[in-house]
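Okay, so here's the structure we're looking at.
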Amino acid sequence: MLEIKDLHSAVEGIEILKGISLTIKKGEVHAVMGPNGSGKSTLAKVLSGHPAYEVTSGEVLFQGKNLLDLSAEERSLVGIFMGFQYPVEIPGVNNAEFLRMAYNARLLNEGKDEVDPLDFDDILQEKMDMLGMEDKYKERSCNDGFSGGEKKKNEILQMAILKPVLSILDETDSGLDIDALRIVADGVNKLNGDDNALILITHYQRLLDHIKPDFVHVISGGKIIKSGGKELAHELEAQGYDWLTTAN
Amino acid sequence: METKENSVADAIDNDYKYGFTTNVESDTFAKGLDEGVVRAISKKKGEPDFMLNFRLKAYEKWLTMKEPAWPNVQYPKIDFQNISYYSAPKPKKKLASLDEVDPEVLNTFEKLGIPLEEQKKLANVAVDAVFDSVSVATTHKKKLMEVGIIFCSFSDAVKDYPELIEEYLGTVVPIGDNYYAALNSAVFTDGSFVYIPPDTISPMELSTYFRINTEETGQFERTLIICAENSYVSYLEGCTAPQFDTNQLHAAVVELVTLDNAEIKYSTVQNWYAGDPETGKGGIYNFVTKRGKCQGEKSKISWTQVETGSAITWKYPSCILQGDGSVGEFYSVALTNGYMQADTGTKMMHIGKNTRSSIISKGISADHSSNSYRGLVRVGKNATDARNYTQCDSMLVGDQSSAHTFPYIETGNSSLQIEHEASTSKISEEQLFYFEQRGISRENAIATIINGFCKDVFKQLPMEFAVEAQKLLTLKLENSVG
Ligand SMILES: Nc1ncnc2c1ncn2[C@@H]1O[C@H](COP(=O)(O)OP(=O)(O)OP(=O)(O)O)[C@@H](O)[C@H]1O
Ligand SMILES: [Mg+2]
């Protein structure tokens with residue numbers, strides 16, 4: 001589904017990703033871990049087409065096509081979703097209306113009719129129930145004044161509405177309380193079928209207790225320095241990153 | 001990062017859709033202004049003596065006055081001798097019906113979305129169409145007359161209802177109020193007049209559409225609306241002008257009067273040509289005096305404006321809250337881009353007891369533009385228990401625009417309750433990326449953020465106008481995204 005080959009990327013002229021290669025197949029869950037500032041969020045943003053991040057070399061194929069040719073909007077429409085580490089606040093824009101715009105953009109792209117607010121409310125209500133979100137999050141402005149955990153839940157709500165092919169969740173677990181983590185993880189598991197794939201960026205094993213990864217990768221200094229199965233996450237939890245970075 | 005910010009700014013630019021000119025034969029005075037010109041205008045319009053005297057007094061006053069220097073705007077000195085003070089599309093003969101209006105003029109209004117012909121006219125809105133200096137047509141006149149509402153051009157009102165004009169003209173904006181009001185009082189050529197009799201709710205929206213066509217003509221129109229006891233009217237004003245390299249002066253005066261329990265809701269969507277967005281060349285100087293007097297008890301005047309055009313805007317729709325328990329409101333969205341400059345706001349003058357005012361101002365500045373809010377809340381010594389709420393929000397797009405707020409409060413007694421809120425925000429690249437990551441285009445993202453920012457003002461507009469205002473702002477953002 002996704003093939004990243006020797007990807008280099010720079011922001012404001014400073015190289016941050018220094019040759020990432022990674023292959024992800026349908027149905028797989030990949031965990032990406034690594035020290036602060038190692039380039040995990042940068043990878044997520046480059047994959048979703050953030051204009052500030054320049055790809056200096058390398059290749060990314062998504063479902064066999066060159067992903068790097070597409071704009072951020074087009075990447076979303078072909079099914080790439082990023083759950084932001086720091087979701088931005090959008091004052092004045094009603095959350096339900098924002099979600100409906102995003103949903104309708106997909107429908108239009110597929111040549112279908114848009115849904116009106118009433119019909120959309122049914123779709124939205126079901127997903128909000130699944131995530132245990134109260135009604136007030138429909139009427140509030142998108143992310144505006146949301147607590148850290150509420151913002152993360154709202155990201156997963158969007159994922160549930162948009163049904164992406166590939167989801168990249170950037171530290172969705174940070175900020176969630178213990179119960180919310182379980183609810184969100186259950187939701188993500190439900191959404192992730194055999195035709196989807198998931199990249200989970202996280203610092204903690206506890207998320208991986210709920211969403212079982214098939215592979216764990218460690219990024220350090222803009223490179224994947226180690227890949228393994230889910231047991232690698234346990235080792236990291238016990239020992240930190242030092243043994244990996246110094247061994248290199 | 002600078003290129004990023006500019007790309008947000010680009011999204012605000014647009015081409016001006018109304019920049020065409022119409023070829024009509026017109027009757028235009030030679031440039032220049034002296035007492036003779038003032039007399040000639042009055043004569044041309046066949047006015048009674050009181051009008052000529054009003055004009056002459058104003059002209060004399062104007063000669064003694066100076067252009068105001070306090071607004072936060074910059075422009076070269078205006079040469080008032082290089083403007084023509086009268087221009088009218090030449091009628092084939094005296095205008096008795098629409099058939100005699102130059103078809104080019106009718107076409108112009110149709111192109112602007114304001115059909116005037118009987119079979120095509122808008123169903124729920126009565127329109128007075130002003131082309132350069134004169135009113136060319138007023139629709140639905142008869143239907144309004146059936147309930148006693150007078151809606152006609154100012155010139156007709158001077159002829160047909162001289163006693164009303166004489167009683168109210170200049171009572172809200174005195175002749176010598178300010179430099180441009182004095183000039184307008186001397187040379188105004190036309191405009192609209194509305195009288196709503198007691199106990200009458202206007203069955204439709206009334207509206208004036210102003211169109212400047214001729215280069216180097218000033219537009220000085222005059223509007224007077226009187227709403228008698230227990231009556232209500234909603235009034236809309238729209239305007240456009242062709243694209244010229246030179247600046248044109250628009251110096252209008254609007255006076256509103258409400259008697260006991262009456263309410264006037266006055267809404268403007270202003271889209272005069274703003275000048276070339278790249279060079280700043282050309283565009284309208286919009287120096288307008290708008291003021292309402294809540295003369296009666298418990299009466300209400302509400303100004304809503306969406307200002308999206310003009311090279312320079314200098315405008316403070318205000319309320320004199322004279323009647324006890326009267327209410328003044330000001331809702332404003334001012335968008336500046338290119339090299340536009342706006343210094344706009346309101347004055348709320350609390351004179352009666354228990355008077356209330358609220359002010360909601362939203363300024364959006366992009367590119368190299370400058371956007372200032374200037375507001376005064378003045379409370380007289382007899383205005384006990386007055387209340388004011390002011391909210392003043394600015395949004396910056398890009399790094400080169402600026403926003404300023406100048407709130408003034410002058411109070412003559414201690415029982416005033418005042419609440420003031422202000423904020424400055426910015427459309428960030430991160431916000432736009434967030435929308436795009438969800439499959440929403442950049443263009444829609446900007447329109448959505450701006451509409452969200454302005455919604456407290458838009459919801460004050462009559463439905464059709466709100467839709468038009470939203471479209472206009474979105475249009476200003478079109479063509480840009482790339
Ligand atoms: N827009 C930017 N401007 C300047 N530097 C940036 C930018 N984005 C990322 N960086 C730098 O790139 C490096 C990698 O950042 P990134 O956000 O990808 O780290 P991360 O692995 O996600 O860290 P964390 O675990 O703390 O979230 C950091 O040094 C960061 O400061
Ligand atoms: Mg990160």
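The values are calculated or read from the model by the stated rules, or taken from the named source; none is laboratory data. Because the structure is predicted, anything quoted here is derived from the model rather than measured. Every residue, glycine among them, receives a Cβ derived from its backbone with ideal geometry; neighbour counts consider all protein chains shown. The area values use the complete protein model at the heavy-atom level, side chains included, leaving out ligands, DNA and RNA. Shrake-Rupley method; radii C 1.70, N 1.55, O 1.52, S 1.80 Å.
Let me spell it out: the conditions are (1) away from chain B (no Cβ under 14 Å); (2) within 16 Å of ligand 2 (Cβ to nearest atom); (3) not small (Gly, Ala, Ser), and A:Asp170 meets all of them except one. Which number is the exception?
Failing condition for A:Asp170: (1).
Take the residues in the stretch B:381-409 that are of a type in the set (Val, Ile, Thr) and crowded, with 20+ Cβ neighbours inside 10 Å; name whichever of them is modelled with the lowest pLDDT. Explain how you work it out, then say what you get.
Residues of the stretch B:381-409 that are of a type in the set (Val, Ile, Thr), as a first pass: B:384, B:390, B:397, B:405, B:409.
When the remaining residues are screened for being crowded, with 20+ Cβ neighbours inside 10 Å, the result is B:390, B:397.
Details: B:Thr390: 95, B:Val397: 80.
The extreme case among them is B:Val397.
Confirm whether A:Ile178 is out of contact with any Asp or Glu (no Cβ under 8 Å at 6 or more places or on another chain) and facing chain B (nearest Cβ under 10 Å). If you could, list the steps in order and put the result at the bottom.
Values: out of contact with any Asp or Glu (no Cβ under 8 Å at 6 or more places or on another chain): yes; facing chain B (nearest Cβ under 10 Å): no.
No: the conditions fail for A:Ile178.
Just one of the numbered conditions (1) assigned to a strand (DSSP E or B); (2) away from chain B (no Cβ under 14 Å); (3) within 16 Å of ligand 2 (Cβ to nearest atom) is not true of A:Leu7; which one?
(3)
Residue-wise test of (1) over 26 Å from B:Gln341 (Cβ atoms); (2) more than 14 Å from every other protein chain (Cβ to nearest Cβ).
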position: B:Arg374; (1), (2): no, yes
position: B:Val379; (1), (2): yes, yes
position: B:Thr390; (1), (2): no, yes
position: B:Phe406; (1), (2): no, yes
position: B:Lys426; (1), (2): no, no
position: B:Gln431; (1), (2): yes, no
position: B:Gln437; (1), (2): yes, no
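Pairs, please: C-beta under 6 Å, at least 6 apart or cross-chain, first residue within 14 Å of B:Leu52 (Cα to Cα) and in the stretch B:158-170, second open to solvent by 40 Å² or more (accessible area, probe 1.4 Å)?
Filtered contacts from the stretch B:158-170: B:Pro162/B:Pro48; B:Glu166/B:Phe50.
Given the criteria within 17 Å of the chain's Cα centre (by Cα) and open to solvent by 10 Å² or more (accessible area, probe 1.4 Å), does B:Tyr168 qualify? Steps first, please.
Working: within 17 Å of the chain's Cα centre (by Cα): no; open to solvent by 10 Å² or more (accessible area, probe 1.4 Å): yes.
So B:Tyr168 does not fit the description; no.
Based on this model, can you work out whether B:Val8 counts as over 23 Å from B:Arg222 (Cα atoms) and at pLDDT below 60?
yes
If the Cβ limit is 7 Å and pairs must be 6+ apart or interchain, which residue in the stretch A:77-94 that is free of Cβ contacts under 8 Å to residues at least 60 places away in the same chain pairs with which residue that is charged (D, E, K, R) and within 16 Å of ligand 1 (Cβ to nearest atom)?
A:Val88/B:Glu430
In the set A:Leu169, A:Leu131, which member is touching a Gly at 6+ places or on another chain (Cβ under 7 Å), within 16 Å of ligand 1 (Cβ to nearest atom) and either open to solvent by less than 10 Å² (accessible area, probe 1.4 Å) or aromatic (Phe, Trp, Tyr) (or both)? Explain how you work it out, then say what you get.
Values: A:Leu131 fails: within 16 Å of ligand 1 (Cβ to nearest atom).
One residue alone meets the criteria, A:Leu169.
Exactly one of these conditions fails for A:Ile199: (1) away from ligand 2 (no atom under 16 Å from the Cβ); (2) within 26 Å of A:Ala105 (Cα to Cα); (3) of a type in the set (A, V, I, L, M, F, W, C). Give me its number.
Looking at each condition in turn, A:Ile199 falls short on (1).
Given the criteria more than 16 Å from ligand 1 (Cβ to nearest atom), surrounded by 21 or more Cβ atoms within 10 Å (Cβ to Cβ), touching a residue at least 12 places away in the same chain (Cβ under 8 Å) and within 12 Å of the chain's Cα centre (by Cα), does A:Val188 qualify? Please lay out each step first, then the result.
Numbers: more than 16 Å from ligand 1 (Cβ to nearest atom): yes; surrounded by 21 or more Cβ atoms within 10 Å (Cβ to Cβ): yes; touching a residue at least 12 places away in the same chain (Cβ under 8 Å): yes; within 12 Å of the chain's Cα centre (by Cα): yes.
Criteria met by A:Val188.
Looking at A:Lys230, A:Lys226 in this structure, which one is away from ligand 1 (no atom under 16 Å from the Cβ), more than 20 Å from A:Leu131 (Cβ to Cβ), basic (Lys, Arg) and at pLDDT below 90? Even if it seems obvious, please write down each step before you answer.
On the way: A:Lys226 fails: away from ligand 1 (no atom under 16 Å from the Cβ).
After applying the criteria, what remains is A:Lys230.
Considering only residues that are under 17 Å from the mean Cα position of the chain (by Cα) and small (Gly, Ala, Ser), which ones fall in the stretch A:1-36?
Answer for the stretch A:1-36, where residues must be under 17 Å from the mean Cα position of the chain (by Cα) and small (Gly, Ala, Ser): A:Gly27, A:Ala31, A:Gly34.
Would you confirm, using the coordinates I've provided, whether A:Gly64 is modelled with pLDDT under 95, over 18 Å from the mean Cα position of the chain (by Cα) and more than 14 Å from every other protein chain (Cβ to nearest Cβ)? Walk me through how you get there before you give the answer.
Values: modelled with pLDDT under 95: yes; over 18 Å from the mean Cα position of the chain (by Cα): yes; more than 14 Å from every other protein chain (Cβ to nearest Cβ): yes.
Spelling it out, A:Gly64 is indeed modelled with pLDDT under 95, over 18 Å from the mean Cα position of the chain (by Cα) and more than 14 Å from every other protein chain (Cβ to nearest Cβ).
Out of the stretch A:201-223, which residues are within 13 Å of ligand 1 (Cβ to nearest atom) and either open to solvent by less than 30 Å² (accessible area, probe 1.4 Å) or out of contact with any strand residue (DSSP E or B) (no Cβ under 6 Å at 6 or more places or on another chain) (or both)? Quick ask: steps written out before the conclusion?
Within the stretch A:201-223, the first condition is being within 13 Å of ligand 1 (Cβ to nearest atom), and the residues that meet it are A:201-204, A:217-223.
Residues satisfying the conditions are A:Ile201, A:Thr202, A:His203, A:Tyr204, A:His217, A:Val218, A:Ile219, A:Ser220, A:Gly221, A:Gly222.
Considering only residues that are within 30 Å of B:Asn413 (Cβ to Cβ) and open to solvent by less than 10 Å² (accessible area, probe 1.4 Å), which ones fall in the stretch B:362-380?
Of everything in the stretch B:362-380, those that are within 30 Å of B:Asn413 (Cβ to Cβ) and open to solvent by less than 10 Å² (accessible area, probe 1.4 Å) turn out to be B:Ser372, B:Gly375, B:Val377, B:Val379.
Counting only residues that are closer than 30 Å to B:Ser441 by Cβ and either near ligand 1 (Cβ under 6 Å from one of its atoms) or touching a His at 6+ places or on another chain (Cβ under 7 Å) (or both), how many does the stretch A:31-50 have? Full working, then the answer.
Taking the stretch A:31-50 as the starting set, the residues that turn out to be closer than 30 Å to B:Ser441 by Cβ are A:32, A:39-50.
Restricting the remaining residues to those that are either near ligand 1 (Cβ under 6 Å from one of its atoms) or touching a His at 6+ places or on another chain (Cβ under 7 Å) (or both) gives A:32, A:39-42.
Qualifying residue count for the region: 5.
Could you run through the stretch A:47-57 and say how many residues are away from ligand 2 (no atom under 16 Å from the Cβ) and farther than 30 Å from A:Lys190 by Cα? Show your work before the answer.
So the first thing to find is which residues in the stretch A:47-57 are away from ligand 2 (no atom under 16 Å from the Cβ), and the list is A:49, A:51, A:54-57.
Add one more test, that the residue is farther than 30 Å from A:Lys190 by Cα, and what stays is A:51, A:54-57.
Selection size over the stretch A:47-57: 5.
With the stretch A:145-229 as the region, which strands (runs of 3 or more DSSP E) entirely inside it contain at least 1 residues that are over 20 Å from A:Phe62 (Cβ atoms)?
On the way: elements: A:166-170, A:197-201, A:215-220, A:223-228.
Because the criterion is at least 1 residues that are over 20 Å from A:Phe62 (Cβ atoms), the strands (runs of 3 or more DSSP E) in the stretch A:145-229 that meet it are A:215-220, A:223-228.
In the stretch B:439-472, what residues are basic (Lys, Arg) and either open to solvent by less than 20 Å² (accessible area, probe 1.4 Å) or away from every other protein chain (no Cβ under 11 Å) (or both)?
We begin by selecting, within the stretch B:439-472, every residue basic (Lys, Arg); these are B:442, B:455, B:459, B:471.
Scanning the stretch B:439-472 gives B:Lys459, B:Lys471.
A:Ala72: within 14 Å of chain B (Cβ to nearest Cβ), within 16 Å of ligand 1 (Cβ to nearest atom) and open to solvent by less than 50 Å² (accessible area, probe 1.4 Å), yes or no? Even if it seems obvious, please write down each step before you answer.
Values: within 14 Å of chain B (Cβ to nearest Cβ): yes; within 16 Å of ligand 1 (Cβ to nearest atom): yes; open to solvent by less than 50 Å² (accessible area, probe 1.4 Å): yes.
Taking the combined requirement at face value, the residue satisfies it.
For the stretch A:12-46, which residues satisfy the criterion of being within 13 Å of ligand 2 (Cβ to nearest atom) and within 14 Å of chain B (Cβ to nearest Cβ)?
A:Ser41, A:Thr42, A:Ala44, A:Lys45, A:Val46
Could you list, in sequence order, all residues of the stretch A:78-101 that are more than 8 Å from chain B (Cβ to nearest Cβ), buried (at least 21 other Cβ atoms within 10 Å of the Cβ) and within 16 Å of ligand 1 (Cβ to nearest atom)?
A:Gly83
Let's see how each residue does on (1) open to solvent by 10 Å² or more (accessible area, probe 1.4 Å); (2) of a type in the set (Val, Ile, Thr); (3) at pLDDT below 95:
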site	(1), (2), (3)
B:Thr214	yes, yes, yes
B:Phe220	no, no, yes
B:Ala252	no, no, yes
B:Ala262	no, no, no
B:Glu278	yes, no, yes
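Inspect all residues belonging to the stretch A:9-27 and state whether any of them is within 16 Å of ligand 1 (Cβ to nearest atom) and among the polar types (S, T, N, Q). Outline the logic, then answer.
The initial filter retains those residues of the stretch A:9-27 that are within 16 Å of ligand 1 (Cβ to nearest atom), namely A:9-20, A:22.
This time we only want the ones that are among the polar types (S, T, N, Q), so: A:9.
Yes: one or more hits.
If only one of A:Val93, A:Val60 is closer than 30 Å to A:Gln125 by Cβ and either out of contact with any Pro (no Cβ under 6 Å at 6 or more places or on another chain) or within 16 Å of ligand 2 (Cβ to nearest atom) (or both), which one is it?
Numbers: A:Val60 fails: closer than 30 Å to A:Gln125 by Cβ.
Step by step, each of A:Val93, A:Val60 is checked, and only A:Val93 is closer than 30 Å to A:Gln125 by Cβ and either out of contact with any Pro (no Cβ under 6 Å at 6 or more places or on another chain) or within 16 Å of ligand 2 (Cβ to nearest atom) (or both).
Could you tell me which residue of the stretch B:280-296 is modelled with the lowest pLDDT, considering only residues that are under 26 Å from B:Gln322 (Cβ atoms) and in a strand (DSSP E or B)?
B:Phe287
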